[in-house]
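One structure is given below, encoded as structure tokens.
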Amino acid sequence: MIDLYFYDTPNGYKITIFLEEAGLPYRIIALDLTRGEHLTPEYTKINPNNQMPAIIDRNGPGGKPYKVFESGAILLYLAEKAGQLMPTETGPRYEVIQWLMLQMGRIGPFFGQAVAFRRMEEQIPFAVDKFTKEARRLFGVLDRRLGEVPYLAGEYSIADIATFPWTRVHERQGIELEEFPNVKRWYDAIDSRPAVRRGLAVTVKGKPQDA
């Protein structure tokens, strides 16, 4: 059983989507970010960075509970545990890792800042322009790649699972998917997957079947 410390953010949905795709049993432990529930000493012991998500694998290495924080690391850990959505051969494996690192280092932070600055009541034009332009540039990177291959690393993988939730808020980033037809084709293909729909149906109240 995987305990998933969750709030309904793009990073949280990365993990629910993977767990649904892999068929791993999990339970939701919701922490309300707006109430500071992620800042408790108890949660700090699980995630020293006090961010979401984090997991405890109750059947981790050696059959003992094992904690993992940072969504990219969680995806790598779970993919290895499940033996799914991550190639074992070096070349294909590093195709996945490169695109996963792009999501972690650029797409997530810059898409998130684009949303944040565009939603501020008192606009900061420099910040809005900077992050909106970078979001658009990164959509262009994705579009060029997806004009060459069906999924970011060739085959559907954790790289797609990591990136997809951040593209769901494209309108709040000032982006229309129709401007990037290869991204739209990829987006629609992922959005239609049954496991993805189940993963996105999770809320802070839990999984639909648990509600």
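Bear in mind that the values in this text are calculations on the coordinates, not laboratory data. Everything numeric here is computed off the predicted structure, so don't read it as measured data. FYI the Cβ positions are ideal-geometry reconstructions off the backbone, even for glycines, and counts take in every protein chain you see.
Label separation (R27 vs K205): 2.0 nm, computed from points 7 Å beyond Cα along the C-beta direction.
Once C-alpha pairs closer than 8 Å and six or more residues apart are averaged by separation and normalised to the residue number of the stretch 45-110, the relative contact order reads 20 percent.
Straight-line cross-link partners of K64 among the aspartates and glutamates, defined as a Cα under 15 Å from its Cα and at least 8 positions apart when in the same chain: D3.
For the residues R118, R35, R145, a GNM of the chain with alpha-carbon springs under 10 Å puts the largest fluctuation on R35. The separation of the stretch 168-196 from the stretch 25-96, counted between C-alpha centres, amounts to 25 Å. Relative intensity of the stretch 69-120 on a log10 scale, I(q)/I(0) at q = 0.14, 0.18 Å⁻¹, equals -0.46, -0.65, per a Debye sum over C-alpha point scatterers of equal strength in the absence of solvent. Between R106 and N59, the C-beta separation translates, for a Förster distance of 22 Å, into a calculated FRET efficiency of about 0.05.
With θ taken as phi - 60° and the Karplus curve 6.51 cos²θ - 1.76 cosθ + 1.60 applied, the whole-hertz 3J(HN,Hα) list for the stretch 57-67 is 8, 5, 10, x, x, x, x, 10, x, 9, 9 Hz, x standing for glycine and proline.
Which pairs, out of K14/K67; K14/K45; K184/K207; K81/K205, put more than 20 Å between their alpha-carbon atoms? Kindly include the intermediate steps, with their values, before the conclusion.
Numbers: K14/K67 17 Å; K14/K45 22 Å; K184/K207 27 Å; K81/K205 26 Å.
Check vs 20 Å cut-off fails for K14/K45; K184/K207; K81/K205.
Of D8, D32, D191, D57, the sequence from fewest to most neighbouring Cβ atoms within 10 angstrom is D32, D191, D8, D57. Of all DSSP bridge pairs formed entirely within the chain, close to 70 percent run antiparallel.
Over all projection directions, the Cα-based convex hull of the stretch 1-130 averages an area of 9.6 nm².
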